[in-house]
2 protein chains.
Amino acid sequence: MPKPDVDPTRSLDLRVDRSSPVPLYFQLSQQLEAAIEHGGLTPGSLLGNEIELAARLGLSRPTVRQAIQSLVDKGLLVRRRGVGTQVVHSQVKRPLELSSLYDDLEAAGQRPATKVLVNTVLPASAAVAVALGVPEGGDVHRVERLRLAHGEPMAYLVNHLPTGLLDLDTEQLEATGLYRLMRSAGITLHSARQSIGARAATAGEAERLKETEGAPLLTMQRTTFDDTGRAVEFGDHIYRPTRYSFEFQLLVRP
Amino acid sequence: MPKPDVDPTRSLDLRVDRSSPVPLYFQLSQQLEAAIEHGGLTPGSLLGNEIELAARLGLSRPTVRQAIQSLVDKGLLVRRRGVGTQVVHSQVKRPLELSSLYDDLEAAGQRPATKVLVNTVLPASAAVAVALGVPEGGDVHRVERLRLAHGEPMAYLVNHLPTGLLDLDTEQLEATGLYRLMRSAGITLHSARQSIGARAATAGEAERLKETEGAPLLTMQRTTFDDTGRAVEFGDHIYRPTRYSFEFQLLVRP
DNA sequence: TCAATGTGTATGTCCGGACAATCGGACTAC
DNA sequence: GTAGTCCGATTGTCCGGACATACACATTGA
């Protein structure tokens with residue numbers, strides 16, 4: 001008969017620094033997350049009740065709950081009333097975020113390269129005007145980029161942005177991703193509406209992507225909004241499906 | 001000069017029923033969400049501070065905060081310290097959930113039809129075994145379905161499931177979606193890992209979907225996990241891109 | 001043997017209060 | 001006029017406590 005489970009957080013050396021400006025609940029959640037990541041807390045193990053954990057750390061129960069809740073929201077923990085809080089059996093890695101292709105590639109160690117083909121300001125077409133919520137015919141930025149990895153074209157990216165939000169420097173666009181530029185310009189991204197589909201390549205697209213006409217392409221259209229609800233970007237992207245696919249993890253909201 | 005903004009929740013007739021078993025914070029969040037949905041709270045408007053709102057409803061501030069927080073998590077509200085809580089400028093509709101194709105179609109009013117082509121148990125191939133975390137060669141369910149809308153084929157769905165979780169009745173599979181079956185069998189879905197791509201149709205696929213060989217297809221592979229971390233389903237789906245695309249909204253987690 | 005009942009334990013909900021951090025605007029000083 | 005400073009307003013964090021509720025397990029009963 002196996003020894004009854006002991007609280008695995010007991011052997012974890014959890015500590016909080018009350019002089020730090022970092023919120024206590026955040027300190028705790030980070031340590032718990034690190035422990036889960038590094039195997040200190042094994043999948044399926046029970047965390048031991050909140051009251052005792054709070055007492056041991058010298059925290060209040062609401063603070064401990066806030067820490068745990070943030071990890072539940074991330075999908076790392078599961079709470080069961082009357083039972084306890086358990087570590088989810090791994091598999092959870094990247095709970096779908098608003099990823100830029102650039103970051104995705106970089107994270108995959110691919111050292112992405114970007115070639116800006118067009119960077120101009122022109123009157124908004126009807127479709128662009130609707131997507132961005134600007135008057136038709138008004139000025140908008142248009143950026144066309146070819147993204148490469150290992151010298152091979154991976155995607156062709158067309159983006160439209162309202163003017164006045166940020167200045168689109170071609171050099172910067174080639175050095176980093178569009179989202180990073182927007183973030184560093186003080187724009188707080190909030191949400192995006194995406195549509196992913198597929199279609200056959202036109203002759204022009206085929207040439208740019210080194211594909212053949214009629215070859216299947218992966219398409220993505222996206223409108224991104226900041227936290228005031230303004231549309232800050234409208235993208236129309238095509239990807240070579242042999243080189244790229246959308247991978248993500250998503251959580252069932254309880 | 002416009003009249004200074006008054007708290008728009010004042011004109012909202014918010015009430016909570018303390019005799020109801022529904023949590024107070026949930027009652028409040030539902031009413032606020034309904035008000036946002038129906039225009040009672042217009043985008044961009046400030047909500048008025050939490051303290052006063054709590055006082056007016058006879059609730060404590062933590063309870064009101066919990067209600068507001070849940071809407072912030074949904075992307076409907078934005079909080080700014082020192083400023084207040086505002087309604088996001090709409091556009092937010094469906095914050096990407098683990099959607100079944102069946103539910104998607106039904107929500108779109110398409111009355112989906114399902115034709116079960118294969119419903120059997122067979123030894124797991126290597127790929128299926130890895131995805132489901134079961135021994136290779138062990139028994140697994142295999143289900144192949146053709147999904148139609150308006151009589152036209154839309155998708156070809158191949159799914160593998162571990163045995164012993166639920167009994168897959170062909171009739172039920174044709175009457176509803178797989179996810180609904182799993183849920184009603186007491187399985188609590190937790191997360192899923194998805195991969196969306198594109199490729200050309202093979203001859204066999206083309207025939208089943210009324211496409212031509214080489215036509216672009218949208219593909220999705222998905223492994224779904226329950227809250228104990230078990231893989232409960234592995235799906236390999238192909239969609240006709242002229243009939244279906246993946247549409248979803250996603251939030252930037254703060 | 002199996003179903004109904006009780007019991008302990010853990011999370012879920014809720015309260016009332018306190019202080020800190022930050023934002024925006026008004027005011028002041030140069 | 002411009003920059004810096006102060007101040008009110010609002011959310012962010014944290015506390016300590018209380019009771020409700022649901023689950024797992026043991027006990028009891030048919």
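Quick notes on this one:
- A straight line joining the Cα centroids of the stretch B:1-69 and the stretch A:5-51 runs 35 Å.
- Residue list for the stretch B:177-206, given a label point 7 angstrom along the Cα-to-Cβ vector of B:Lys115 and an amide N cut-off under 19 Å: B:177-178, B:202-206
- Taking the accessible area of the protein assembly as shown, probe 1.4 Å, and keeping the other protein chains in place, the carbon and sulfur fraction comes to 51%.
- Per-residue ellipticity at 222 nm, computed for chain B from helices alone with -39500 (n - 2.57) per DSSP H run of at least four residues, works out to -7500 deg cm²/dmol.
- In nanometres and ascending order, the distances from the A:Asn119 label point to those of the other copies are 5.8 (point 7 Å from Cα along Cα→Cβ).
- Length-normalised contact order of chain A in % [C-alpha pairs under 8 Å, at least 6 apart]: 14 percent
- Pairwise Cα separations in the stretch B:2-69 fall into 5 Å bins from 0 onward with the following percentages, short to long: 3, 17, 29, 28, 15, 6, 2, 1, 0.
- Rg(Cα)/(2.2 N^0.38 Å) for the protein assembly as shown, N = residue count: 1.07
- Here the spin labels are modelled as points 7 Å beyond Cα on the Cα-Cβ line, and at A:Glu37 and B:Arg15 they lie 5.0 nm apart.
- Note that the stretch A:128-254 carries a Kirkwood radius of 15.9 Å, evaluated over its alpha carbons pair by pair.
- Label separation (A:Arg81 vs B:Asp73): 1.5 nm, computed from points 7 Å beyond Cα along the C-beta direction.
- Seen against the Cα atoms of chain B and their longest principal axis, helix B:61-74 is set at about 40 degrees.
- Inter-copy label distances at A:Arg253 (7 Å, Cα→Cβ; nm, one decimal): 1.3
- Angle in degrees between helix A:24-37 and the longest Cα principal axis of chain A, rounded to the nearest 10: 80 degrees
- Over chain A, all Cα pairs binned in 10 Å intervals from 0 give whole-percent P(r) values of 6, 24, 25, 19, 16, 9, 2, 0, listed from short to long.
- Whole-number Å³ per residue for the convex hull built on Cα positions in the stretch B:129-178: 85 Å³
- For A:Arg208, label point 7 Å along C-beta direction: distances to other copies, nm: 3.4
- Averaged over the residues of peptide B:241-250, the number of Cβ atoms from other protein chains lying within 10 Å of each residue's Cβ is 6.
- In terms of its alpha-carbon gyration tensor, the stretch B:210-254 comes out oblate; a/c meets the 1.5 threshold, while b/c is at least as large as a/b.
- Per residue, in Å², the accessible surface of the protein assembly as shown once ligands and nucleic acids are set aside, probe 1.4 Å: 50 Å²
- Area accessible to solvent at B:Ile51, 1.4 Å probe radius, in Å²: 110 Å²
- Local electrostatic count, B:Glu171, Cβ distance below 15 Å [Lys/Arg +1, Asp/Glu -1]: 0
- Area hidden from solvent between A and B (accessible, protein heavy atoms only, 1.4 Å, total, Å²): 4000 Å²
The values are calculated or read from the model by the stated rules, or taken from the named source; none is laboratory data. Only a predicted model underlies this, so the values are computations on that prediction, with no experimental measurement involved. Note: ideal-geometry Cβ built from the backbone for every residue, glycine included; neighbour counts use all protein chains shown. Areas reflect the complete protein model, heavy atoms only, side chains present, ligands, DNA and RNA absent. Shrake-Rupley method; radii C 1.70, N 1.55, O 1.52, S 1.80 Å.
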